[in-house]
Amino acid sequence: MADKAFEYAIDLANVNSLKRPSMDSHEPKTEILLLHVVPEIPIANLISELPVRKKRSKGLVNLSDYIRELYQQMEEGMREILENKKRECMVKAPSTQIRVLTVVGSPANKIIEIANDEKVDMIIIGSNGLKGISKLFRGLGMVARTVSERASCPVVITR
């Protein structure tokens, strides 16, 4: 669903650049912030020091170190994916400035916090795309719904 949100953002950026010609042709008319939040896994202090076996090295490491390493790998992987999206956007919407940001935390809370800090004009977010009977019970995805309810700017939810 994030791909549809990305395409929508590019289309909107292109429309915006046509409607608002800039005096300086080198100045970006629209900025897109590609954000990914790696969900934080809460672990109790009691189990954070438990030893776990790492598959690659076969060595033991405590759980908190193992999770920290997993977060780092997830952030790096998503940053690489977002950088590829950024390059794609530079071709599709050359007059748009693109920034990439990956963070760890509660997805809805982090999205709202960053939107407020960055003073964004609009949030474009993908829904989880539930189908069938599960859609009746859950409706929108929890993150998309929470963001749409708590954000101080307009929110577009793509499916």
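One table, with the values for the structure above:
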| item | result |
| --- | --- |
| Nonlocal amide H pairs with GLU40, under 5 Å, H built at 1.01 Å | GLY105, SER106 |
| Difference of contour (0.36 nm per residue) and Cα-Cα distance, GLN72 to ILE41 | 9.8 nm |
| Computed label-point distance, nm, for sites ASN128 and TYR8 using a 7 Å Cα→Cβ extension | 1.8 nm |
| Förster radius 30 Å - calculated FRET efficiency between SER152 and MET90, Cβ distance, rounded to 0.05 | 0.55 |
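The numbers here are math on the coordinates, done by the rules we state, and not lab data. These numbers were taken from a predicted model, which means no experiment stands behind them. Backbone-built Cβ (ideal geometry, glycine too); neighbour counts: all protein chains shown.
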